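Student: Following this message is one structure expressed as structure tokens.
The values are calculated or read from the model by the stated rules, or taken from the named source; none is laboratory data. Because the structure is a prediction, the values reported are computed rather than measured. Here the Cβ is made from the backbone with ideal geometry for all residues, glycine too, and neighbour counts use every protein chain on show. Accessible surface is based on the protein model in full, side chains and every heavy atom, while ligands, DNA and RNA are left aside. Shrake-Rupley method; radii C 1.70, N 1.55, O 1.52, S 1.80 Å.
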Amino acid sequence: MQDLSELDRQRVQRNAVVAKRLKKRYAAERRFKLLAMLSVLVSVAVLAVLLVAMTSNGIAGFTRAELKVPVKFTELGLAVDQSQLSQPGAEAMLRSAGLTDALQFAATQAYGDDVASQLGGGASRDLAAKIVADPDMLTRDVTVALPVEDDLAAAYRGEGPAELQAMASRLKDEGVLSRAFDWGFLSRADATDPQEAGIWGALKGSLLTMIVTLLLAFPIGVLAAVYLEEYAPKNKWTDIIEVSINNLAAVPSIIFGLLGLAVFLWIFPNLRSAPIIGGMTLALMTMPVIVISGRNAIKSVPPSIRDGALAIGASPVQVVFHHVLPLALPGILTGTIIGMARALGETAPLLMIGMRAFVATPPAGFTSPSSVLPVQIFLWSDEIDRGFVERTSAAIIVLLLFLLAMNGLAIYLRNKFERRW
């Protein structure tokens, strides 16, 4: 009985020790879960603060101050043949026919010289575009909303000289001066006036640059990954190549800009700031990322896939291109899109090859002078004008939407081509 009591006592002690350990383990798990949830909440909070700050500042960047000007075309007597409005260059023809002076006269009649002088330089261009879109405007009296100078736009925001602020307040109370959504921000290029600045030139430049980057980096990177993983002999030369690729993936991006400046612009000196030069430079930066992600994706394909294909008589090339690559494609595409997203946000290498020039027209092709979204944001952020601060935030929103679209494409392609085994 004493021996049995001793065994019971030892069993109770062991159970107490086990229970104590389990309690500590469960407490550690609860702390870990709490820290994990806290980390997620902090990440979400930081992201929310970023999005709210960008949105609150950027919404104003998609708008501009506009003045409603009554224009009596029936009294102005513009000598314009409406049949010419459907021909190329119709807007320039209208302006040369005296549309600018007629608009100033109409604004002076309606509001006086002080207000008429605050019409923006792009007001006549906007009015010409409206007339080309609706030629019947020349036969009737209309009221059109046209952009004003940045000084009056700043006064509308409560900045600048007191007399301009008083003028803006009076026009606002009369209901003729207001801020409206600026669709032209998405269709114009850079300008010295924030009221006339647009993002399309830089956005088109980014699209062209990314096309060049993808066409160069993707096939070369995937083929290099296939060779290194499936065909390359295992020797010291292969090890040196692998180490070099891993090191290139960690090289600061500005080094690739220096390489593009020293090599590509030396070979093509007349293509400075062109999307094709920017694409080749970013392709050098993106290629190591594609090679590494491609090798990891190929390596993740089970050896049984290769063995089964060889067992039914497939050649080594058929094994790779008919079986291994289709199964590795989701991982390769994901790595490629991530690398492209990184390239899209790069500024330093593109600054080195001259893509920071003032480009007032969207690029016509891969060899035309161009800017890109990150560089455009950098240039606008350096301006002291409050209007450019708003435009900068709006451009950041456009860049974020571009990145979200690319990441969404990566998720779609991964799910589309993903296969389970």
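Student: Among the residues of the stretch 324-346, how many are in a helix (DSSP H, G or I) and either charged (D, E, K, R) or more than 20 Å from ILE292 (Cα to Cα) (or both)?
Tutor: Summing the residues that are in a helix (DSSP H, G or I) and either charged (D, E, K, R) or more than 20 Å from ILE292 (Cα to Cα) (or both) in the stretch 324-346 gives 1.
Student: If I ask for residues that are of a type outside the set (A, V, I, L, M, F, W, C), open to solvent by 60 Å² or more (accessible area, probe 1.4 Å) and either part of a helix (DSSP H, G or I) or touching a residue at least 40 places away in the same chain (Cβ under 8 Å) (or both), which ones from the stretch 369-382 would you list?
Tutor: Result: PRO369, SER381.
Student: Given (1) more than 10 Å from the chain's Cα centre (by Cα); (2) assigned to a helix (DSSP H, G or I), where does LEU400 come up short, assuming only one miss?
Tutor: LEU400 satisfies every listed condition except (1).
Student: Let me ask something additional. Scan the stretch 94-104 residue by residue and report those that are over 15 Å from LYS130 (Cβ atoms) and touching a helix residue (DSSP H, G or I) at 6+ places or on another chain (Cβ under 7 Å).
Tutor: Once the filter is applied, which keeps residues that are over 15 Å from LYS130 (Cβ atoms) and touching a helix residue (DSSP H, G or I) at 6+ places or on another chain (Cβ under 7 Å), the stretch 94-104 yields only GLN104.
Student: Now for a different question. Could you tell me which of the residues ILE211, ILE240 is at pLDDT 90 or above, assigned to a helix (DSSP H, G or I) and open to solvent by 20 Å² or more (accessible area, probe 1.4 Å)?
Tutor: Matching residue, one of ILE211, ILE240: ILE211.
Student: Identify, please: which residue in the stretch 129-154 is within 31 Å of the chain's Cα centre (by Cα) and of a type in the set (A, V, I, L, M) and is, among those, farthest from SER86 (Cα to Cα)?
Tutor: ALA154
Student: Could you figure out which of (1) within 18 Å of the chain's Cα centre (by Cα); (2) part of a helix (DSSP H, G or I) isn't true of ARG356?
Tutor: (2)
Student: Kindly indicate whether any position in the stretch 111-120 is assigned to a helix (DSSP H, G or I) and within 39 Å of the chain's Cα centre (by Cα).
Tutor: Yes, the stretch 111-120 has at least one match.
Student: Same structure again: Given the conditions (1) within 27 Å of the chain's Cα centre (by Cα); (2) at pLDDT below 90, which single one is not true for PRO269?
Tutor: (1)
Student: Please verify whether the stretch 227-241 includes one or more residues that are under 30 Å from GLN318 (Cβ atoms) and among the small types (Gly, Ala, Ser).
Tutor: Scanning the stretch 227-241 turns up at least one residue that is under 30 Å from GLN318 (Cβ atoms) and among the small types (Gly, Ala, Ser).
Student: Just to be sure, is ASP193 open to solvent by 20 Å² or more (accessible area, probe 1.4 Å) and part of a helix (DSSP H, G or I)?
Tutor: For ASP193, the condition - open to solvent by 20 Å² or more (accessible area, probe 1.4 Å) and part of a helix (DSSP H, G or I) - is not met.
Student: Might you let me know whether the stretch 127-148 holds any residue that is acidic (Asp, Glu), assigned to a strand (DSSP E or B) and surrounded by fewer than 22 Cβ atoms within 10 Å (Cβ to Cβ)?
Tutor: yes
Student: Among the residues in the stretch 42-57, are any at pLDDT below 85, touching a strand residue (DSSP E or B) at 6+ places or on another chain (Cβ under 8 Å) and under 30 Å from VAL144 (Cα atoms)?
Tutor: Looking for residues that are at pLDDT below 85, touching a strand residue (DSSP E or B) at 6+ places or on another chain (Cβ under 8 Å) and under 30 Å from VAL144 (Cα atoms), one finds none in the stretch 42-57, hence no.
Student: Filter the stretch 311-323 for residues that are open to solvent by 30 Å² or more (accessible area, probe 1.4 Å) and either part of a loop (DSSP other than H, G, I, E, B) or hydroxyl-bearing (Ser, Thr, Tyr) (or both) and give the result. Talk me through it step by step, then tell me what you get.
Tutor: Applying the first criterion (open to solvent by 30 Å² or more (accessible area, probe 1.4 Å)) to the stretch 311-323 yields 311-313, 315-318, 321-323.
ILE312, GLY313, SER315, listed by residue number.
Student: Only one of these conditions is not met by ASP101: (1) open to solvent by 50 Å² or more (accessible area, probe 1.4 Å); (2) under 22 Å from TRP183 (Cβ atoms); (3) not β-branched (Val, Ile, Thr). Which number is it?
Tutor: Result: ASP101 fails condition (2) only.
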